[in-house]
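Each remark here refers to the structure printed beneath this line.
The values are calculated or read from the model by the stated rules, or taken from the named source; none is laboratory data. Quick caveat: nothing in here was measured; it's all calculated off a predicted structure. Here the Cβ positions follow ideal geometry from the backbone for every residue, glycine too, while neighbour counts run over all protein chains shown.
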Amino acid sequence: VDAIIQLRYFQTSAMYELVEIPVALFKQVFDVGLSSFQADGPTINIPVGKSPPDFTLKLDRSDAKITVANIDKALCTVHGTWKLGKDV
């Protein structure tokens, strides 16, 4: 897999956006030490110490789920935005 494609919808503006998230962005997770994955740290900024981070990992140990959040859109490619409907 070379990229992740996300179709976003913004309800307030009735706008769609097609964004490509490069998979290479997630290779940074390999640089995170095991101590960052301890039970007392449910959110990990990637890369560690960068503010703002490129993205965050949210760990949910109740059902062994990892969520990728807050991806820096400046690191992604926006392929297009558009609106549909009678008011366009």
Count of the range 24-48 residues which are among the hydrophobic types (A, V, I, L, M, F, W, C), within 16 Å of the chain's Cα centre (by Cα) and either surrounded by fewer than 10 Cβ atoms within 10 Å (Cβ to Cβ) or not in a loop (DSSP other than H, G, I, E, B) (or both): 6
Top-ranked residue of the range 49-88 - restricted to ones that are assigned to a loop (DSSP other than H, G, I, E, B), among the hydrophobic types (A, V, I, L, M, F, W, C) and modelled with pLDDT under 90, ranked as farthest from the chain's Cα centre (by Cα): Val88
Candidate set from the range 57-88 (those that are in contact with a Pro (Cβ under 8 Å, 6 or more places away or on another chain) and of a type in the set (A, V, I, L, M)); member that is farthest from Ala39 (Cα to Cα): Leu75
Members of the range 1-54 found to be among the acidic types (Asp, Glu) and in contact with a strand residue (DSSP E or B) (Cβ under 9 Å, 6 or more places away or on another chain), listed by number: Asp2, Glu17, Glu20, Asp31, Asp54
Every pair of residues 6+ apart whose Cβ atoms lie under 9 Å, when the first sits in the range 3-31 and is under 25 Å from Ile44 (Cα atoms) while the second is basic (Lys, Arg) and assigned to a strand (DSSP E or B): Val19/Arg8
Condition broken by Met15, with the remaining ones in (1) of a type outside the set (Phe, Trp, Tyr); (2) closer than 13 Å to Val68 by Cα; (3) surrounded by 13 or more Cβ atoms within 10 Å (Cβ to Cβ) satisfied: (2)
